[in-house]
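The values are calculated or read from the model by the stated rules, or taken from the named source; none is laboratory data. Quantities reported herein were computed from a predicted structural model and do not represent experimental measurements. Here the Cβ is made from the backbone with ideal geometry for all residues, glycine too, and neighbour counts use every protein chain on show. Side chains are part of the model used for accessible areas, which takes the heavy atoms of the whole protein and leaves out ligands, DNA and RNA. Shrake-Rupley method; radii C 1.70, N 1.55, O 1.52, S 1.80 Å.
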Amino acid sequence: MKNILLIGGSHGIGLSMVKELQETHNLFVASRTDEALQHENITHIEFDVTKDELDISQLPEKLDGFVYCPGSINLKPFKMISLDTIKDDMELNFFAMVKIVKGIISLMNEGSSMVFFSTIAVGTGMPFHTSVAAAKGAIEGFAKSMAAEYAPKIRVNVIAPSLVDTPLAKRLLNNDKKREMMSERHPLKRVGNPEDIANTAVFLLSDKSTWMTGQIIGVDGGLSTLNIN
């Protein structure tokens, strides 16, 4: 069984990945809570990405996959967003991720896979996304450089979703009118669900994607490439 490290697997997309992988993989899930992570193939590591150092001694000698799930959605007009918020977004989305990658890169096996998450708003300019798009844009640039530097040993790919129905997006989907409006924006006429994104991540971790690296993959209901309005 492959050894997979997930940072943040207790909710949303990360939890959907855990459910998909737990029967066939050894999962090491570093997150703040573990109430949904009760399975014989799961090792939970209590970990707050904004405060803690990841204890590498709790990991196996070799990893076959790594996924970084934590993220933020701070949508505000630029004039109303503080520099501290922008710094916090960059810290959570990018710098904390890079710090962990630094710590585990020597554990990555030949043929292993890393999966990061961006947003549709990096490739398609959207109002009020300055902070999150900047942080996720850093991830895309980092991932492509890593993919080049570590080929052919390690594959590195990024998933760029549109709006997904997770706890993180709760306030954007907290009534029927908002949900309908957000659904209508997408050519496929719905917002994403965690499984849509998790299925793509699981594919990128698997041997079915061994000829893919350095890619930014849009899983976004067609929003980034289609204009049907």
Query raised in the report: So what's the projected area for region 115-158, the Cα convex hull averaged over all directions, in nm²?
Result: 2.8 nm²
Report summary line: CD proxy, 222 nm, the chain: helix-only mean residue ellipticity via -39,500 (n - 2.57) per DSSP H run with n ≥ 4, per residue, nearest 500, stands at -9500 deg cm²/dmol
Query raised in the report: How big is the convex hull of the Cα atoms of the chain, per residue, in Å³?
Result: 127 Å³
Query - Theoretical FRET efficiency, 1/(1+(r/R0)^6), r = Cβ-Cβ of MET80 and ASN227, R0 22 Å, to 0.05 - result: 0.15
Query raised in the report: Of PRO127, LEU205, GLY71, which is farthest on the positive side of the dipole of the chain, counting Cα position, with +1 on Lys and Arg Cβ, -1 on Asp and Glu Cβ, and the Cα centre as origin?
Result: PRO127
Report task. Pop out the Kirkwood hydrodynamic radius of region 67-109 from its pairwise C-alpha distances, inverse of mean 1/r, in Å to one decimal. Result -> 11.9 Å
Query raised in the report: More than 16 Å apart: what percent of Cα pairs in region 9-132 qualify?
Result: 66 percent
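Determine the relative contact order of region 1-142: mean sequence separation of Cα pairs under 8 Å and six or more apart, normalised by residue count, in whole percent. Numbers along the way, then the final one.
Values: 218 pairs, mean separation 34.1, N = 142.
Computed value for region 1-142: 24 percent relative contact order.
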Query - Choice from LYS62, LYS51, LYS99 with maximal GNM fluctuation in the chain (Cα, 10 Å cutoff) - result: LYS51
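When ligands, DNA and RNA are left out and all protein chains stay put, how many square angstrom of accessible area per residue does the chain have with a 1.4 Å probe?
Working: 11820 Å² over 229 residues.
In whole numbers, the chain has 52 Å² accessible per residue.
Counting only protein heavy atoms and a 1.4 Å probe, tell me what percentage of region 31-71's accessible area is made up of carbon and sulfur. Walk me through the numbers before you get to the answer.
On the way: 920 of 2390 Å².
Summing carbon and sulfur atoms, their accessible area is 38 percent of the total for region 31-71.
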**Report entry** Rg(Cα)/(2.2 N^0.38 Å) for region 107-201, N = residue count
**Finding:** 1.26
**Report entry** Rg followed by Dmax, in Å, when region 35-92 is reduced to its Cα trace
**Finding:** 16.3, 49
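Send over the per residue convex hull volume for region 1-51, Cα only, as a whole number of Å³. List each step's numbers first, then the result.
On the way: hull volume 3.2 nm³, N = 51.
Residue-normalised Cα hull volume stands at 63 Å³.
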